[in-house]
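The structure appears below as structure tokens.
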Amino acid sequence: MENRAHLKLDNILVATDFSSASKMALLYALSIAHRHGSKLFMAHVSSSRSGLRGRVQSSLPVLTVRAPA
């Protein structure tokens, strides 16, 4: 018999660059969040053309996904 540890995911962070690959990552993270009733956070980091400094877009809302009953 397998002995599996229970995994508890309260928060999931998904980084995005708005590409099709990051869209797939978001869909995958949504399925995990749904399974665990986790809060899902998204972050998009951009940098200036000079490459001096990146900044995090913090205006994205938090999505709470409820686990199925």
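Tally the residues that are assigned to a helix (DSSP H, G or I) and under 11 Å from the mean Cα position of the chain (by Cα), restricting the search to the range 31-43. Lay out the reasoning, then the answer.
To start, the set of residues in the range 31-43 that are assigned to a helix (DSSP H, G or I) comprises 31-36.
Applying the additional criterion that residues be under 11 Å from the mean Cα position of the chain (by Cα) yields 31-33.
The qualifying residues number 3.
Can you tell me how many residues within the range 13-30 are assigned to a helix (DSSP H, G or I) and open to solvent by 100 Å² or more (accessible area, probe 1.4 Å)?
The initial filter retains those residues of the range 13-30 that are assigned to a helix (DSSP H, G or I), namely 20-30.
If we keep only those that are open to solvent by 100 Å² or more (accessible area, probe 1.4 Å) too, we end up with 23-24, 28.
Here the count works out to 3.
The values are calculated or read from the model by the stated rules, or taken from the named source; none is laboratory data. Model, not experiment: these values are computed from the prediction. Surface areas here come from the heavy atoms of the whole protein model, side chains and all, with no ligands, DNA or RNA. Shrake-Rupley method; radii C 1.70, N 1.55, O 1.52, S 1.80 Å.
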